[in-house]
Amino acid sequence: MAKQFVVQLENRPGELAHLAHAFAARGVNIQHVGCIGAGPLACMFVTTDDDAAARRILHGMGHEFIEGLPVIVEVEDRPGGLADVTAKLAAAGVNITGMLEVGRRPGVVDITFCVDDEAKARDALGLELEQPVGVGN
C-alpha cells in the first residue's frame with residue numbers, strides 16, 4: 001500500500017502548483033491529494049505511485065513532512081459517522097496526522113487516516129492488518 005505523506009507548505013499562491021510540477025517532472029503520479037491552508041501554513045495530504053521518489057522530491061525541495069501507511073476506514077455516510085470513528089481513535093490515544101477522503105459510494109465514505117500509531121489505531125477500530133473497518137463497527 002502506498003504511503004500517505006502529510007506535507008507542510010507555505011500558504012501562498014503557487015506553492016501547490018510548484019510541488020505538483022516537481023512530481024510531474026520526475027514522472028511521479030499523484031493518486032490522491034487534498035490540501036488545506038490557514039494563516040501562513042498549508043498542509044497537503046498526498047499518495048503517489050512511487051513513495052521513494054516522493055520522499056526524495058519532498059526532501060530535495062526542503063518541505064517538512066510526515067509519512068505513514070494510511071489506515072483505510074469505511075465511514076458510515078451519515079451525521080456523526082466521522083465523529084464515531086475519530087472518537088474511537090481519540091479514546092485509544094491515537095493522534096490523527098492526516099485524513100483524506102479517497103472514495104464514496106451509497107452510504108459509505110472511504111477515508112484514509114495517517115496516524116501516529118497504526119497498530120493502536122487498527123486495534124481501536126477492530127481492524128486486521130491492511131483491512132478496512134466496516135460500516136457500523
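Quick notes
- Between the Cα long axis of helix 15-25 and the first principal axis of the chain there is an angle of about 80°, rounded to the nearest 10.
- The chain: angle of helix 51-60 to the longest principal axis, Cα-based, in degrees nearest 10: 50 degrees
- As a proxy for reagent exposure, Ile72, Ile30 were ordered by neighbouring Cβ count within 10 angstrom, fewest first; the result is Ile30, Ile72.
- Debye equation applied to the C-alpha atoms of the chain, log10 I(q)/I(0) at 0.15, 0.18 Å⁻¹: -0.76, -1.01
- For region 71-125, the relative contact order is 44 percent, taking Cα pairs closer than 8 Å that sit 6 or more residues apart in sequence and dividing their mean separation by the residue count.
- Packing-based exposure ordering (other Cβ within 10 Å, fewest first) of Met99, Met44, Met61: Met61, Met99, Met44
- Alpha-carbon Debye profile of region 71-125, log10 I(q)/I(0) at 0.28 Å⁻¹: -1.16
- Neighbours of Val94 by Cβ distance under 15 Å: Lys/Arg scored +1, Asp/Glu scored -1, total -2.
- Taking Cβ atoms as reference points and 11 Å as the exclusive limit, the residues near Phe65 contribute a net charge of 0, counting Lys and Arg as +1 and Asp and Glu as -1.
- Region 27-58 and region 81-95: distance between their alpha carbon centers, rounded to Å: 24 Å
- Net charge of Cβ neighbours under 14 Å - reference Ala42; Lys, Arg +1; Asp, Glu -1: -2
- Comparing Leu9, Ile66, Gly80 along the charge dipole axis of the chain, the residue lying farthest to the positive side is Leu9, per the Cβ-charge model.
Every read-out reported here was derived from the displayed coordinates using simple, explicitly stated rules and does not represent laboratory data. Please read all numbers here as calculations on a predicted model, not as lab measurements. Quick reminder, even Gly has a Cβ in these numbers, built from the backbone with ideal geometry, and neighbours come from all protein chains shown.
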